[in-house]
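Participant: Got a structure here, written out as C-alpha cells. Questions coming.
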C-alpha cells in the first residue's frame, strides 16, 4: 500500500495527517504543512528538531511511502526496504487569530542509510510504532530514534516531485488507520 511520496521541497499545501484531539478522539484531517513563524513575515516552520525537547501534547502522524531529498546536486528517494509505508512523527498546533491549524515534522539524527546524503532525517515511525507516538505511551527518546542500518532503500530520483497516488485509495488506507487507532 502506498500513501504518498513525501517531498520536503513541495509547496506548503495541505496533507492528510492523523491527530488525537483533546477529548481523545482520533481524527484524520488535512492541514497545511508549516507552523507559524516567531517573526511576522518569516518562513513557516516545516521541520522541528526533536533532540532535547518533549512533546507532551499535539502529536500527529504523517503517512508516507517514501521521501525525497536533494544532496550535492542530485535527487534521491528513500523508502523502507520491506516496501511498507510508514509515518513521520509530527506535531500540530491549533489555529490562532493569525495562523491556521497546521503541522510540522520532527527531525532526528540520520541513520546509517541516510547519513551519506544528510546528517538529519525526518523522524520515521514504522506502522507498529504509530500508537506509541500518538498515545504518548513511551518517552520521546524511545520512539524518536534512527532506524537500524539497511532499513531504507535509496535510489537516485530523476527529479524531486510531489506525487499523489489515487486519492480514494489514500483516503481508504488512512480512514482504516484512524479507525484502528481510535479503538
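The values are calculated or read from the model by the stated rules, or taken from the named source; none is laboratory data. Please read all numbers here as calculations on a predicted model, not as lab measurements. Cβ sites come from the backbone with ideal geometry, for glycine too, and all protein chains shown count toward neighbours.
Participant: Would a scan of the range 148-166 turn up a residue that is in a loop (DSSP other than H, G, I, E, B), modelled with pLDDT of 95 or more and buried (at least 18 other Cβ atoms within 10 Å of the Cβ)?
Facilitator: Yes: the range 148-166 contains one or more residues that are in a loop (DSSP other than H, G, I, E, B), modelled with pLDDT of 95 or more and buried (at least 18 other Cβ atoms within 10 Å of the Cβ).
Participant: Is it the case that some residue within the range 90-104 is in contact with a helix residue (DSSP H, G or I) (Cβ under 8 Å, 6 or more places away or on another chain), under 23 Å from residue 33 (Cβ atoms) and modelled with pLDDT of 95 or more?
Facilitator: no
Participant: Quick check on this structure: which one of 115, 123, 110 is more than 16 Å from the chain's Cα centre (by Cα), at negative phi and modelled with pLDDT of 95 or more?
Facilitator: Result: 115 is the single residue among 115, 123, 110 that is more than 16 Å from the chain's Cα centre (by Cα), at negative phi and modelled with pLDDT of 95 or more.
Participant: For the range 48-99, give me every one of the strands (runs of 3 or more DSSP E) that falls completely inside it and has 1 or more residues that are crowded, with 17+ Cβ neighbours inside 10 Å and over 15 Å from the mean Cα position of the chain (by Cα).
Facilitator: Per the criteria, 74-80.
Participant: Can you say whether residue 112 is out of contact with any helix residue (DSSP H, G or I) (no Cβ under 9 Å at 6 or more places or on another chain), farther than 21 Å from residue 84 by Cβ and surrounded by fewer than 19 Cβ atoms within 10 Å (Cβ to Cβ), as far as the supplied structure shows?
Facilitator: Spelling it out, it is not the case that residue 112 is out of contact with any helix residue (DSSP H, G or I) (no Cβ under 9 Å at 6 or more places or on another chain), farther than 21 Å from residue 84 by Cβ and surrounded by fewer than 19 Cβ atoms within 10 Å (Cβ to Cβ).
Participant: Residue 132 - would you say it is surrounded by fewer than 21 Cβ atoms within 10 Å (Cβ to Cβ), closer than 26 Å to residue 153 by Cα and in contact with a helix residue (DSSP H, G or I) (Cβ under 7 Å, 6 or more places away or on another chain)? So that I can check it myself, show each step before the final result.
Facilitator: On the way: surrounded by fewer than 21 Cβ atoms within 10 Å (Cβ to Cβ): yes; closer than 26 Å to residue 153 by Cα: yes; in contact with a helix residue (DSSP H, G or I) (Cβ under 7 Å, 6 or more places away or on another chain): yes.
So residue 132 fits the description; yes.
Participant: Let me ask you something else. Check off (1) more than 27 Å from residue 76 (Cα to Cα); (2) exposed (fewer than 14 other Cβ atoms within 10 Å of the Cβ); (3) out of contact with any strand residue (DSSP E or B) (no Cβ under 6 Å at 6 or more places or on another chain); (4) modelled with pLDDT of 60 or more for residue 182 and give me the number that stays unchecked.
Facilitator: (3)
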